[in-house]
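Below is one structure; the comments refer to it alone.
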Amino acid sequence: MRCPCNPSVNYKACCAKIHKNISKALTPEMLMRSRFSAFVLGNGLYLMKSWNTNTRPINEEADIVAWSKSVQWSHLEIIHAGEEVVEFIVHYAENGIKQTIHEKSLFKKENGHWTYLKAL
């Protein structure tokens, strides 16, 4: 299976490693890519684990997974990856209508590994 974050790479050689062990995400970009793959795969447990506890929604995992499975994911485009900020565009279709999410996200380390903190 190709990795959702980068179709030129096998999932097992890419995000699967991070989904099994979040500390393998050595940079904010790697965490962002693994989160995109988790959305595509409907991996709510990983999405919650990779979300900083200061901003993580409570009791919303099921809603996030339901939404992630209701859309048709196209691809992830990294615009810029810095020390703590990743700017990206996610391409997907919802109800047959092409959509994008263009975001700058802030990442912080928590318990020794990178986590998603918030959109800027």
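Nothing in this text is a laboratory measurement; each read-out follows from the coordinates by a stated rule. Values in this document were obtained by computation on a predicted structure and should not be read as measured data. Note that each Cβ is placed from the backbone with ideal geometry, even for glycine, and that neighbours are counted across all protein chains shown.
The requirement of being touching a His at 6+ places or on another chain (Cβ under 7 Å) and under 14 Å from TRP114 (Cα atoms) is fulfilled somewhere in region 32-44, by at least one residue.
For region 91-114, a residue qualifies if it is within 18 Å of SER50 (Cα to Cα) and not small (Gly, Ala, Ser), and the qualifying residues are GLU103, LYS104, LEU106, PHE107, LYS108, LYS109, GLU110, ASN111, HIS113, TRP114. Candidates GLU103, GLU77: the one that is closer than 18 Å to CYS3 by Cβ and surrounded by 11 or more Cβ atoms within 10 Å (Cβ to Cβ) is GLU77. Considering only residues in region 1-21 that are touching a helix residue (DSSP H, G or I) at 6+ places or on another chain (Cβ under 8 Å) and farther than 25 Å from GLU94 by Cβ, the one that is surrounded by the most Cβ atoms within 10 Å (Cβ to Cβ) turns out to be ILE18. Of all residues in region 39-61, those being crowded, with 17+ Cβ neighbours inside 10 Å and of a type in the set (Ser, Thr, Tyr) number 2. The sole residue among ILE58, ILE78 that is touching a residue at least 12 places away in the same chain (Cβ under 8 Å) and under 23 Å from LEU120 (Cβ atoms) is ILE78.
The residue of region 22-38 that is nearest to PRO4 (Cα to Cα), among those that are free of Cβ contacts under 8 Å to residues at least 40 places away in the same chain and surrounded by 21 or more Cβ atoms within 10 Å (Cβ to Cβ), is SER37.
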